[in-house]
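Peer 1: Pasting a structure below so you can have a look.
What follows is calculated from the coordinates using simple rules that are stated; it is not laboratory data. These numbers come from a predicted model, not from an experiment. Note that each Cβ is placed from the backbone with ideal geometry, even for glycine, and that neighbours are counted across all protein chains shown.
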Amino acid sequence: MSSLQPPEIVDVTIEKGVQKARGSFLTLAVLGFLAGVFIAVAGIAMIRAMGTMPKEWGSLVNVIGAAVFPFGLICLLLAGGELVTGNMMVVSMALFARKISGKEWLRNIVIVTIFNLIGSLFVAYFFGYLSGALQGDFAERAIQVSLGRTKDTFLQGFLSGIACNFLVSTAVYLNFAAKDFIGKIVGIFLPIMGFVICGFQHVVANMFLIPMGILLGGNTWSAFGQNMVSVYLGNIIGGGFFVAGLYFLAYKVGTGQLSKK
């Protein structure tokens, strides 16, 4: 078969989670930086694709941007990368299986978060701002997208973060399920396109989108900080509970496999 069966995906996810949790600092740092870069470059491409399209185009503008953005996650998952939102699901699954400790879970999440942020800010400043890629006609769109991330209340950002990482973690999960290159691309592409169309909030994408607006003079660091807290917490719940927790409950606890160990 070209894909794993649902119970097999849980086993693979647990194995991947153990590997990630026990990765060296250097590996996590480099791959975390690269993941931030991939997501941020995808953000640049999305903004330029949406460009100066008129308001009359309505939701079509979002669909076009959503069709472009998924290549960032496709690149980091297939070439290699440590994305904290994905790890909120993958490493949590290993924690639920009692294969790693809470300390190992926290170590991975903290290191990857820091280097996702560094990679995102690097791209925002050097590739988005200094290169001129998001200057001129594209600056207004970049600011508009940035402000769209910070306009939500804490509760809205939190709930949006849950929904977002439910879809992002599902994309990572489907990547593990597929055995062939095309299957992995399709499995990643569809959920990511879905979350972008819905406008849900992804903490690593926001690590690029909001600072990009700040660099262009259209947003503030205080708004960025507030957004990070609400969306980050929501992303943890979306990936750690709604994907890792529920699938683990269904295929490990529900089948009695956990109690046999």
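Peer 1: Could you go through segment 160-171 in sequence order and give the Karplus-derived ³J(HN,Hα) for each residue, using 6.51 cos²θ - 1.76 cosθ + 1.60 with θ = phi - 60°, rounded to whole Hz, and x for Gly and Pro?
Peer 2: Karplus values, whole Hz, x for Gly and Pro: 5, x, 4, 4, 4, 6, 4, 6, 5, 5, 5, 4.
Peer 1: Would you please classify the overall shape of the chain from the alpha carbon gyration tensor, given that a ≥ b ≥ c denote the square roots of the eigenvalues, rounded means a/c under 1.5, and beyond that prolate means a/b larger than b/c while oblate covers the rest?
Peer 2: Prolate.
Peer 1: Right, something else. Roughly how tilted is helix 6-21, in degrees to the nearest 10 and between 0 and 90, from the longest Cα axis of the chain?
Peer 2: For 6-21 against the chain, the angle is about 70 degrees.
Peer 1: Follow-up. Compute the Cα gyration tensor for segment 114-156, then decide on rounded, prolate or oblate, letting a ≥ b ≥ c be the square roots of its eigenvalues: rounded whenever a/c is under 1.5, prolate when a/b is larger than b/c in the other cases, and oblate in all that remain. All intermediate terms of the calculation are to be shown ahead of the outcome.
Peer 2: Numbers: a/c = 5.21, a/b = 1.23, b/c = 4.22.
Since a/c reaches 1.5 but b/c is at least a/b, the shape of segment 114-156 is classed as oblate.
Peer 1: Compute the long axis of helix 139-150 from its Cα atoms, compare it with the longest principal axis of the Cα atoms of the chain, and write down the angle in degrees, 0 to 90, nearest 10.
Peer 2: 50 degrees
Peer 1: Just order 231-237, 96-102, 154-160, 216-222 by mean Cβ neighbour count inside 10 Å, highest at the front, would you? Please list the in-between numbers first.
Peer 2: Values: 231-237: 23.9, 96-102: 16.0, 154-160: 17.9, 216-222: 14.0.
In decreasing order of mean packing, 231-237, 96-102, 154-160, 216-222 become 231-237, 154-160, 96-102, 216-222.
Peer 1: Can you give the extra length, in nm with one decimal, that the chain gains between Ile197 and Leu4 once fully stretched, where that is 0.36 nm per residue apart less the Cα-Cα distance? Spell out each step's value before the answer.
Peer 2: Values: separation 193, 0.36 × 193 = 69.48 nm, distance 2.80 nm.
Using 0.36 nm per residue and subtracting the Cα-Cα distance, I get 66.7 nm.
Peer 1: May I ask for the net charge around Gly51, where only other residues with Cβ less than 9 Å from the Cβ of Gly51 are counted and Lys, Arg are +1 while Asp, Glu are -1? Don't jump to the answer; show the numbers that get you there.
Peer 2: Working: positive: Arg48, Arg141; negative: Asp137.
Net of charged neighbours comes to +1.
Peer 1: Once you order the gyration tensor axes a ≥ b ≥ c over the Cα atoms, which shape class does segment 179-261 get: rounded for a/c under 1.5, otherwise prolate or oblate by comparing a/b with b/c?
Peer 2: Numbers: a/c = 3.82, a/b = 1.80, b/c = 2.12.
Oblate shape, in that a/c is at least 1.5 and b/c is the bigger or equal ratio.
Peer 1: In whole Å, what is the distance between the alpha-carbon centres of segment 112-126 and segment 24-64?
Peer 2: Answer, in whole Å: 13.
Peer 1: Moving on to the next point. Arrange the following residues from fewest to most other Cβ atoms within 10 Å of their Cβ: Ile185, Ile74, Ile44. Write out the running numbers ahead of the final one.
Peer 2: Numbers: Ile185 17, Ile74 20, Ile44 23.
Least to most surrounded, the residues fall as Ile185, Ile74, Ile44.
Peer 1: Testing the spin-label approximation: label points 7 Å from Cα along Cα→Cβ at Gln156 and Ala250. State their distance in nm.
Peer 2: 3.2 nm
Peer 1: Moving on to the next point. Can you show me the helix-derived [θ] at 222 nm for the chain, built from DSSP H runs with n ≥ 4 at -39,500 (n - 2.57) apiece and divided by the number of residues, rounded to the nearest 500.
Peer 2: On the way: 11 runs with 180 residues, N = 261.
Roughly -23000 deg cm²/dmol at 222 nm, from the helical runs in the chain.
Peer 1: Charges on Cβ only, +1 for Lys and Arg, -1 for Asp and Glu, centred on the Cα centroid of the chain; of Tyr232, Tyr125, Gln19, which one is farthest towards the dipole's positive end?
Peer 2: Of the listed residues, the answer is Gln19.
Peer 1: Can you give the charge dipole size of segment 6-251 about its Cα centre, rounded to the nearest 20 debye, using +1 on the beta carbon of Lys and Arg and -1 on the beta carbon of Asp and Glu? Write out the running numbers ahead of the final one.
Peer 2: Details: 14 positive and 10 negative charges, 71 e Å.
The dipole of segment 6-251 has a size of about 340 debye.
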